[in-house]
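These notes are about the structure you will find just below.
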Amino acid sequence: MRGMLKYSIELWCLGFIVHRTHGLRYKSRKLLTKKPREKGRPGISRWLYEYNVGDKVVIDIDPTFVTTAPHRRYQAR
């Protein structure tokens with residue numbers, strides 16, 4: 001029993017038992033960061049632009065508002 005415990009601790013240390021998470025913001029560190037000149041809140045004109053039905057738009061995720069952001073797969077589409 002004692003040898004089995006030592007073996008399981010060794011496996012845990014090597015990362016065989018610990019599973020990595022794949023959440024909504026997985027691999028999006030570079031994608032959801034602003035450059036130094038872009039930091040701060042966006043201007044009011046960005047929110048007041050009117051779109052018509054049938055217009056094609058490019059989804060640009062704003063990292064300031066992460067809770068309301070779509071999934072990262074929709075960035076720039």
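Taking neighbour Cβ counts within 10 Å as the exposure measure, how do K39, K56 sort from fewest upward?
Numbers: K39 10, K56 5.
Starting with the residue having the fewest Cβ neighbours, the order is K56, K39.
3J(HN,Hα) couplings calculated from phi for the stretch 22-37 with the Karplus curve 6.51 cos²θ - 1.76 cosθ + 1.60 (θ = phi - 60°) are, in sequence order, 10, x, 5, 9, 5, 6, 10, 4, 6, 6, 9, 10, 9, 6, x, 7 Hz; Gly and Pro show x.
Computed from the coordinates by the stated procedures, all read-outs in this text should not be read as laboratory data. Here the structure is a predicted model, which means the values were calculated and not measured. Cβ atoms come from the backbone with ideal geometry, glycine included; neighbour counts cover every protein chain shown.
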